[in-house]
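The values are calculated or read from the model by the stated rules, or taken from the named source; none is laboratory data. Since the structure is predicted, the reported quantities are computational estimates derived from the model, not experimental observations. With ideal geometry, Cβ positions are generated from the backbone for all residues, glycine too; neighbour counts draw on all protein chains shown.
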Amino acid sequence: MCVTELLLRHRATLFRLIGIGLIVGAVGPRYRIAALASGGLSLGSLVVLANTISTSNDALNRVARVDIGLLSALVAVALTSTRKQQVPEAAE
């Protein structure tokens with residue numbers, strides 16, 4: 001196993017863990033903020049790290065673009081989630 005394969009497997013494992021956290025956060029509002037924060041940190045860190053290295057390639061740039069799209073979706077979910085929590089319910 002080469003170093004690149006090891007790093008990709010590690011990233012896949014982290015995605016699984018964060019994915020489980022996001023599912024738990026979607027079901028349980030109590031864990032939502034922590035789940036969204038960990039997902040954002042995971043996606044944002046690759047984007048930042050990819051922009052700091054001088055030797056970039058097409059594969060890394062593609063992964064970074066996908067992460068930017070996913071990060072945008074995560075921000076939209078976070079904003080929608082917080083708006084729903086702030087809207088007062090109508091009295092019956």
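Looking at Ala78, Ala37, Ala50, Ala73, which is the one that is among the small types (Gly, Ala, Ser) and in contact (Cβ under 8 Å) with a residue 24 or more places away in the chain? Explain how you work it out, then say what you get.
Values: Ala37 fails: in contact (Cβ under 8 Å) with a residue 24 or more places away in the chain; Ala50 fails: in contact (Cβ under 8 Å) with a residue 24 or more places away in the chain; Ala73 fails: in contact (Cβ under 8 Å) with a residue 24 or more places away in the chain.
None of the other options fit; the residue is Ala78.
When the residues of region 60-92 are narrowed to those that are more than 15 Å from the chain's Cα centre (by Cα) and under 19 Å from Arg11 (Cβ atoms), which ends up modelled with the lowest pLDDT?
If we take residues in region 60-92 being more than 15 Å from the chain's Cα centre (by Cα) and under 19 Å from Arg11 (Cβ atoms), then Leu60 is modelled with the lowest pLDDT.
Tell me, which residue of region 16-59 that is farther than 13 Å from Ser81 by Cα and hydroxyl-bearing (Ser, Thr, Tyr) is modelled with the lowest pLDDT?
Out of the qualifying residues, it is Ser56.
Only one residue in Leu6, Leu79, Leu22 is among the hydrophobic types (A, V, I, L, M, F, W, C) and surrounded by 12 or more Cβ atoms within 10 Å (Cβ to Cβ), so which one is that?
Details: Leu6 fails: surrounded by 12 or more Cβ atoms within 10 Å (Cβ to Cβ); Leu79 fails: surrounded by 12 or more Cβ atoms within 10 Å (Cβ to Cβ).
On inspection, the qualifying residue turns out to be Leu22.
Restricting attention to region 25-58, which residues are touching a Lys or Arg at 6+ places or on another chain (Cβ under 8 Å) and exposed (fewer than 14 other Cβ atoms within 10 Å of the Cβ)?
Hits for region 25-58: nothing passes.
In the list Val63, Val47, Val24, Val77, which residue meets the criterion of being in contact with an Asp or Glu (Cβ under 8 Å, 6 or more places away or on another chain), in a helix (DSSP H, G or I) and of a type in the set (A, V, I, L, M, F, W, C)? Spell out how you get there, then give the answer.
On the way: Val63 fails: in contact with an Asp or Glu (Cβ under 8 Å, 6 or more places away or on another chain); Val24 fails: in contact with an Asp or Glu (Cβ under 8 Å, 6 or more places away or on another chain); Val77 fails: in contact with an Asp or Glu (Cβ under 8 Å, 6 or more places away or on another chain).
Just one listed residue meets the conditions, Val47.
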